[in-house]
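The values are calculated or read from the model by the stated rules, or taken from the named source; none is laboratory data. Keep in mind that what you see is a predicted model, and the values were worked out from it rather than measured. Glycine also receives a Cβ, built like all others from the backbone with ideal geometry; neighbour counts cover every protein chain displayed. Heads up: the accessible areas ignore ligands, DNA and RNA and are worked out on the full protein's heavy atoms, side chains in. Shrake-Rupley method; radii C 1.70, N 1.55, O 1.52, S 1.80 Å.
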Amino acid sequence: MKEFALELVKEAINAADPYKAVKRVVKVQGNKLIVDGKEFLIKGGVYVIAFGKAACEMARAIEEIVEVEDGVAVTKYGYGRPLKKIRVIEAGHPIPDENSIKGAEEALRILEKTSEDDIVFVLISGGGSALFELPEDGITLEDLKRTNELLITSGATIHEINTVRKHISKIKGGKLAKRIRGTGITLIISDVVGDNLEAIASGPTVKDPTTFEDAKRILDLYGIWERVPESVRTVIEKGMKGEIDETLKEDLPNIYNFLIASNSKSCEAIVKKAKEKGFDAHIVTTVLEGEAREAGIFIASIAKEIAERGRPFRPPVVLVFGGETTVTIRGESGKGGPNQEIALSASRKIRGLNVTLVAFDTDGTDGPTDAAGGIVDGETYEKLRSEGIDVEEYLFTHNAYEALKRVGALLFTGPTGTNVNSIVIVIIGKP
């Protein structure tokens, strides 16, 4: 069952492979470009603006499909690779740096030389919000960093944080789309739970329902309006007076957005593969959130009910959970990540059962570790105990990596070149 679980892990990662995802949806037939079944006439040149951790692989695929006139790919340090016509810029993540701005400025330079007959591919993947940034006039990089720091530590939700980010940027919230003269084709790999396009990389090519007033309200709500740099307050106040253009408020007729890889699509690939192998298989959710160790108990409780009582499904069955859980650290902590905590926590509930559970991050790195996650079964808990490991203590101190390492229950994939959040696969065999 562990071997089968690893086969399903590979299937999930393969479904989110950025190069393959682009190749699946983009084709050329004569003078027609076909994207996910929609046809576009090639009348002028083709240009590429790519940003995110998968920028280079997505751009490489486009270069192999169609002749590219010019382009730029902005990616994380260490993720770059040579391309034909497309220049590669490595930039800061998760904190933007000078190269994040340089990449955005290069993109705008490319757009300036395009015409209405041209096609512009915008390739977006995880990390794009930090890697591709251009603050409004008067806001420095340090002002931007300070504002991000205050937002992240304020308790604001990611949606609220993005609302502010969009209104102090020249390219987020659909503002990049406004600058595209020709046909804009955006290919998106989602790293956002629920695949809300306006949230992915702060939605540079999709309409945005939020306003400058919303940005001001959020900063007031969390008590940081007076603490953000003066330049940020000035931009928001000007926006509220109508002196700075709002984010995009309606769909543009020349802009097309395509979601080509996501957590949902990877979960669907797992179910398809499991059914091909003769298993009953179901996606339980693709919007799993919350504290990782609690999620582990919740998932394992469902597995236990099925294994012992045959409800709501009769074994053998495969269950798939997608999403992004969190680890709240208080005080000193050990080493680990959310998926490792899910696996370690679940081992308590599935002890003695014919159940295998694998929890992993699709980018190959779970938390600040070299492991993608953990893989446990009905025997893991007793192995942990025989090693003298108190599971409750290791969970409390967030030291899941060390616990799983001691019993050979860590999952290593290496860097995958993609990121569609995390997945948990549970295989429940016959009693």
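The listed residues are Glu268, Glu291, and the only one of them that is in contact with a strand residue (DSSP E or B) (Cβ under 9 Å, 6 or more places away or on another chain), at pLDDT below 95 and surrounded by 14 or more Cβ atoms within 10 Å (Cβ to Cβ) turns out to be Glu291.
Residue selection: Val376 satisfies the criterion of being under 15 Å from Ile425 (Cα atoms) and touching a residue at least 24 places away in the same chain (Cβ under 8 Å). Here Lys166, Lys145, Lys170 are screened, and the one residue that is basic (Lys, Arg) and open to solvent by less than 10 Å² (accessible area, probe 1.4 Å) is Lys166.
Restricted to the stretch 335-390, and to residues that are of a type in the set (Gly, Ala, Ser) and under 18 Å from Met1 (Cβ atoms), which residue is surrounded by the fewest Cβ atoms within 10 Å (Cβ to Cβ)? Only one residue fits best here, namely Gly352. Of all the residues in the stretch 96-132, those that are of a type in the set (A, V, I, L, M, F, W, C), assigned to a helix (DSSP H, G or I) and either open to solvent by less than 10 Å² (accessible area, probe 1.4 Å) or modelled with pLDDT of 95 or more (or both) number 7. Checked against (1) farther than 21 Å from Ile180 by Cβ; (2) of a type outside the set (A, V, I, L, M); (3) surrounded by 14 or more Cβ atoms within 10 Å (Cβ to Cβ), Glu237 passes all but a single condition, namely (3).
Of all residues in the stretch 306-318, those that are without any contact (Cβ under 8 Å) to a residue 24 or more places away in the chain have Cβ atoms under 7 Å from Cβ atoms of residues that are surrounded by fewer than 21 Cβ atoms within 10 Å (Cβ to Cβ), 6 or more apart or on another chain, in Arg311/Glu305. Elements of the type strands (runs of 3 or more DSSP E) sitting completely within the stretch 1-66 and holding at least 3 residues that are open to solvent by less than 10 Å² (accessible area, probe 1.4 Å) and of a type outside the set (Asp, Glu): these cover 46-51. Of all residues in the stretch 148-163, those that are surrounded by 15 or more Cβ atoms within 10 Å (Cβ to Cβ) and part of a loop (DSSP other than H, G, I, E, B) total 2. Of the candidates Ile389, Ile375, the single residue that is modelled with pLDDT of 95 or more and over 30 Å from Lys272 (Cα atoms) is Ile389. Give the residue that is farthest from the chain's Cα centre (by Cα), with candidates limited to residues of the stretch 394-418 that are closer than 27 Å to Gly194 by Cβ and open to solvent by 20 Å² or more (accessible area, probe 1.4 Å). This residue is Thr413. Within the stretch 163-204, the set of residues being in contact with a helix residue (DSSP H, G or I) (Cβ under 6 Å, 6 or more places away or on another chain), under 19 Å from Gly323 (Cα atoms) and not hydrophobic (A, V, I, L, M, F, W, C) comprises Ser190, Ser202. Only one entry in Pro209, Pro229 is on the phi < 0 side of the Ramachandran plot and under 23 Å from the mean Cα position of the chain (by Cα), namely Pro209. Within the set Thr186, Thr210, Thr285, the sole residue that is touching a residue at least 60 places away in the same chain (Cβ under 8 Å) and either assigned to a helix (DSSP H, G or I) or within 28 Å of Met58 (Cβ to Cβ) (or both) turns out to be Thr186.
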